[in-house]
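Taking it in order: structure first as structure tokens, then the write-up.
The values are calculated or read from the model by the stated rules, or taken from the named source; none is laboratory data. It should be emphasised that the depicted structure is a prediction, and the values quoted were computed from it without experimental measurement. Positions of Cβ are generated from backbone atoms using ideal geometry, with glycine treated the same way; all protein chains shown enter the neighbour counts. SASA here: full protein model, heavy atoms, side chains in, ligands and nucleic acids out. Shrake-Rupley method; radii C 1.70, N 1.55, O 1.52, S 1.80 Å.
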Amino acid sequence: MCDVCKKSYKQSGTLKFHLRSHTGEWPFLCDVCKKHFMQLSHLRLHLRTHTGERPFTCDICEKSFKESGILKMHRRDHTGELPYKCDVCKKFFRCSGSMKRHLRNHTGERPFTCDICEKSFKGFGTLKLHLHNHTGELPYKCDVCKKFFRWSGSLKQHLRTHTGERPFKCDFCEKHFIQSSHLKLHLRTHNEKGPFACHVCKKSFKQSENLKLHLHNHTGQLP
């Protein structure tokens, strides 16, 4: 059992790894970029970002991956398999990690705490990103324009401004977008009915604010 958070583990090695989330110990160093890792297996996986190695290939679409576990989850995109079920709300998930994080919405558990401001988080990754707010660290660098970013996702989106890549395509007008959120907003221009429906008369609106204004017609209240 962990003396800090009282979480129990079946194996001593697993407990040893867990304790590092409290101590901040990251003993495994990448010789290329000097990044530290909690486990040797994590370092080995990280090294593939430098070598470009992707040894696991999907036999359906031939997309390749750095980890066998990611390939396994990817194949569920093709099969539609959602093997993990939440016992509380009956929602299904593609991987056990997603379900565990989801369960914390029901339990309110936030096991990862910031040592600086004592704010707690549901996931370790979220805590790690939060710490950048205190340190000012911007660990992700654009090799083209040398701009730095706090999150890898932000860097990935930014790189599209250099490559011109617009991977999200509208099936109606063939227009492409850099972000999926931009595509979702754009799709509303094609929908005859918007996603925001009035519960009284069932009329639909493309923007939530328009629905709010419309509801005043039923309530008699002035906006």
Rounded to 0.05, the calculated FRET efficiency for the beta carbons of Lys203 and Glu109 at R₀ = 45 Å is 0.65
At a probe size of 1.4 Å, how large is the accessible area of Asp171, to the nearest 10 Å²? 130 Å²
Suppose accessible area is computed on protein heavy atoms with a 1.4 Å probe; arrange Arg166, Arg188, Arg44 from highest to lowest. Arg44, Arg166, Arg188
Amide H contacts under 5 Å for Lys35, restricted to residues at least 5 apart in sequence or on another chain and with H modeled in the peptide plane, are Cys30
When the solvent-accessible surface of protein heavy atoms is calculated with a 1.4 angstrom probe, in what order do Met1, Met73, Met38 fall, highest first? Met1, Met73, Met38
In degrees between 0 and 90, to the nearest 10, how far off the longest principal axis of the chain does helix 208-219 point, with axes built from Cα atoms? 50 degrees
Short version: ³J(HN,Hα) in whole Hz for each residue of the range 29-46, in order, from phi by Karplus 6.51 cos²θ - 1.76 cosθ + 1.60 (θ = phi - 60°), x for Gly and Pro, what are they? 9, 7, 6, 7, 10, 6, 6, 9, 9, 6, 10, 4, 4, 5, 5, 4, 5, 4
With -39,500 (n - 2.57) per DSSP H segment of 4 or more residues and division by the full residue count of the chain, the 222 nm estimate, nearest 500 deg cm²/dmol, is -12500 deg cm²/dmol
Pull up all non-local amide H partners of Phe168: gap of 5 or more, or a different chain, and H-to-H distance under 5 Å with H placed in the peptide plane. Phe177
Holding the Cα-Cα limit at 28 Å, pick out from Lys35/Lys184; Lys100/Lys175; Lys66/Lys146 the pairs that are longer than that. Lys35/Lys184; Lys100/Lys175
Going Cα to Cα from Lys7, which aspartates and glutamates come in below 17 Å? Please leave out same-chain ones fewer than 8 positions away. Glu109
Which of these values of P(r) over Cα pairs in 5 Å bins from 0, in percent was calculated from the structure shown: (1) 1, 6, 12, 15, 16, 14, 12, 9, 6, 4, 2, 1, 1, 0, 0; (2) 1, 5, 8, 9, 13, 16, 16, 12, 8, 6, 4, 2, 1, 0; (3) 1, 7, 12, 12, 11, 8, 6, 5, 5, 6, 6, 6, 5, 4, 3, 2, 1, 0, 0, 0, 0? (2)
Mind listing the long-range amide H neighbours of Phe112? Cut-off is under 5 Å, sequence gap 5 or more, other chains count too, H placed in the peptide plane at 1.01 Å from N. Phe121
Taking θ as phi - 60°, what are the ³J(HN,Hα) couplings along the range 147-153 by the Karplus curve (6.51, -1.76, 1.60), each to the nearest whole Hz, with x for Gly and Pro? 6, 10, 9, 7, 10, 5, x
Sort His102, His182 by accessible area with a 1.4 Å probe, largest first. His182, His102
Of all the accessible heavy-atom surface of the range 105-223, with the other protein chains kept in place and a 1.4 Å probe, what percent is carbon and sulfur? 52 percent
With every protein chain in place, the accessible area of Glu118 for a 1.4 Å probe, in Å² rounded to the nearest 10, comes to 140 Å²
